[in-house]
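Since every read-out is calculated from the coordinates, none of them should be taken as a lab result. Keep in mind it's a predicted model, so treat the numbers as computed, not measured. Don't worry about glycine lacking a Cβ; one is built from the backbone with ideal geometry, like all the others, and counts go over all protein chains shown.
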Amino acid sequence: MLSPTELYPLTPLLKGILWVEVLVYLGIGVYEIIDDFRVKPQPWMTLSNTPNSYLMIKEKVGHKMHGGLCFLLGFIALNGLIEGAVTRFELELCFVSLALLMMAIWMTLMPGRLGITVLLTKPEFWLQILMFGYFLPLIQPWVVGLCIALNLWGILVNVVHTRRQVLVPFSYETLRRDAVEAGLAERELNTFDKLAGHKPQ
């Protein structure tokens, strides 16, 4: 384990991970922070023929929180690349940030092939595996425990809550029906169908 003030020089693998985090998460973070004038109300935000301000604000809060977390993860990675080394705390922040993103993914994991496809195309899924596989001994044990607990909590919520109270029955057909009812754009719906291997009747 690194000491609180010890610097860990970047290895080629760690440098590659940090570059991915900069390109993906810092990019997403910057975009989601400054996209206010580009984003339009989603169909499900419209009630009584006009966009509902409460729903729009609730959506904005979640959107900006996601952007803020991505920005923070990308910023830590960029700082490590500039310095050519990282501290234990920076590594721990990377671990925890990835665990928080994975927690949300586990909680909202969609049914069938669609869920597996989405999971396997999420950079945080693979980055977390690499971080656990190669850099786990560098951080504090309680931080390791926290990251594991966040992942397990996401899985627990999916099994006990999402599958039993949110998406019932837990099937792509249910999700598709609700997406159509909420006014999901045809292009996005077609993408979902392809990823899920669904052929509309």
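How high is the FRET efficiency between Asn49 and Thr174 when r is their beta carbon distance and R₀ equals 30 Å, given to the nearest 0.05?
Values: r = 28 Å, r/R0 = 0.92.
For R0 = 30 Å, the calculated efficiency reads 0.60.
Note on the chain: GNM, Cα springs under 10 Å; of Asn158, Asn49, Asn79, the largest mean-square fluctuation is that of Asn49.
Report, in degrees rounded to the nearest 10, the 0 to 90 angle that the Cα long axis of helix 172-181 makes with the longest principal axis of the chain. Helix 172-181 sits at roughly 70 degrees to that axis. Computed from Cα positions, the angle between helix 88-107 and the longest principal axis of the chain comes to roughly 20 degrees.
Relative to the dominant Cα principal axis of the chain, helix 12-21 is inclined by about 30°.
For segment 113-168, the square roots of the Cα gyration tensor eigenvalues, ordered a ≥ b ≥ c, give a/c of at least 1.5 with a/b no greater than b/c, which places it in the oblate category. As a rough footprinting exposure proxy, the listed residues Glu90, Glu188 were ranked by other beta carbons within 10 Å of their own, and the order from fewest upward is Glu188, Glu90. Label-to-label distance for Leu13 and Leu130 is 1.0 nm, based on points extended 7 Å past Cα in the beta-carbon direction.
What ranking of Met107, Met45 emerges when the number of other C-beta atoms within 10 Å of each C-beta is taken as an exposure proxy, fewest first?
Least crowded to most crowded, the residues run Met107, Met45.
Sorted into 5 angstrom bins from 0, the C-alpha pair distances of the chain split as 1, 7, 12, 15, 17, 16, 13, 8, 6, 3, 1, 0, 0 percent. Across segment 1-96, C-alpha contacts under 8 Å between residues 6 or more apart give a mean separation that, scaled by the residue count, equals a relative contact order of 52 percent.
Of all lysines in the structure, not one has an alpha carbon short of 23 Å from that of Lys199, not counting any fewer than 8 places away in one chain. With contributions of -39500 (n - 2.57) from each DSSP H run of at least four residues, the per-residue ellipticity at 222 nm computed over the chain stands at -21000 deg cm²/dmol.
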